[in-house]
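The values are calculated or read from the model by the stated rules, or taken from the named source; none is laboratory data. For clarity, every value in this text was computed on a predicted model and none was experimentally measured. Note: ideal-geometry Cβ built from the backbone for every residue, glycine included; neighbour counts use all protein chains shown.
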Amino acid sequence: MTSLVEPIPIVTKKVSQAPIARKLAAFNKHKSNLLKKLQNGHKRRSPSASFDPVKSWQDLTQLARLYFRGEVMKQNTMPTADRIKRLRQLSKALRVACGLARRAIRDDVGNELYRAWFAKKNLDLMKAIAVPMEKDGSSVLTRTADEIKEMVTVLATLRVLAESALEANKVSNRSAGRPALLPRDCIQGLARVYRTSTGSKPGRGAGPFADFAAEFMIAVGETGFDHTSLIDAIKDAHHHAGRQFKTSRFDR
């Protein structure tokens, strides 16, 4: 006999990490160029001190891994326009369902639901009618009625949630500008690696840090970008972190 339930696909850790592993293998080919950028910055700051390429590469690899993980998650995320469409459909359906349900519990349709719920729980309605009320005034009949009313309440709550989610996604979609070349936290991470490896304060405009960030972008496969846009993204990451945390990786 064929099962009516589709089996849940089991994704092993090895399979789920495969795309990231391939991207990291390509990233490793840029090791020399990335470390050279950091080493040059280190020489300008501390020409006599030793540069630690092992620690710098470990930090860069971890940052690239987090970046690739985020990209994989974005690929598996439903586009905002599709979410808005689905939430609008859900809100409309729940609005209609709530109206029908409220009408039902006030007329004969509610009685049919009542009987169906007894049948679902394998209870004999006629026997339940014959059972006297308990001391608190409740009975199987009243508790069953309360359960059905609670279902209608939950349906109404779900409708409110769907409508709230719809409005939130609309606002987010209107306020979303052009996506940054690199996520803000990634740029902050690059600033941390740059400062730790070179001892220099990462610049917010054109210069060694922007060149290093551009090399990182090439290493993670983001080519053909505009350097002016990258500098704007660096300034934005610093400004946003300053507003949110009162400081940023560019300042410490």
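Is it the case that P7 is more than 27 Å from T196 (Cβ to Cβ), under 27 Å from the mean Cα position of the chain (by Cα) and modelled with pLDDT of 75 or more? No; evaluated as a whole, the condition is false for this residue. Of the residues V72, V131, the single one that is at pLDDT below 85 and assigned by TED's automatic domain parsing to the domain that holds F216 is V72. Residues in segment 80-101 that are closer than 22 Å to I148 by Cα and hydroxyl-bearing (S, T, Y): S91 alone. When you scan segment 184-194, do you find a residue that is hydroxyl-bearing (S, T, Y) and at pLDDT 70 or above, even just one? Within segment 184-194, one or more residues are hydroxyl-bearing (S, T, Y) and at pLDDT 70 or above.
Just one of the listed residues (S139, S200, S164, S175) is surrounded by fewer than 18 Cβ atoms within 10 Å (Cβ to Cβ) and at pLDDT below 80, namely S175.
Quick check on L125: is it in contact with a Phe, Trp or Tyr (Cβ under 8 Å, 6 or more places away or on another chain), farther than 30 Å from R83 by Cβ, among the aliphatic types (A, V, I, L, M) and surrounded by 12 or more Cβ atoms within 10 Å (Cβ to Cβ)? Reasoning before the result, please.
Values: in contact with a Phe, Trp or Tyr (Cβ under 8 Å, 6 or more places away or on another chain): yes; farther than 30 Å from R83 by Cβ: yes; among the aliphatic types (A, V, I, L, M): yes; surrounded by 12 or more Cβ atoms within 10 Å (Cβ to Cβ): yes.
Taking the combined requirement at face value, the residue satisfies it.
For segment 215-247, a residue qualifies if it is hydrophobic (A, V, I, L, M, F, W, C) and either part of a helix (DSSP H, G or I) or at pLDDT 85 or above (or both), and the qualifying residues are F216, M217, I218, A219, V220, L230, I231, A233, I234, A237, A241, F245.
Only one of the listed residues (D146, D136) is within 18 Å of R103 (Cα to Cα) and among the acidic types (D, E). That residue is D146. The residues in segment 40-73 that are of a type in the set (V, I, T), within 14 Å of H30 (Cα to Cα) and either assigned to a loop (DSSP other than H, G, I, E, B) or more than 23 Å from the chain's Cα centre (by Cα) (or both) can be counted, and the count is 0. A single member of A101, A128, A168, A119 is within 30 Å of A233 (Cβ to Cβ), part of a helix (DSSP H, G or I) and free of Cβ contacts under 8 Å to residues at least 60 places away in the same chain, and it is A168.
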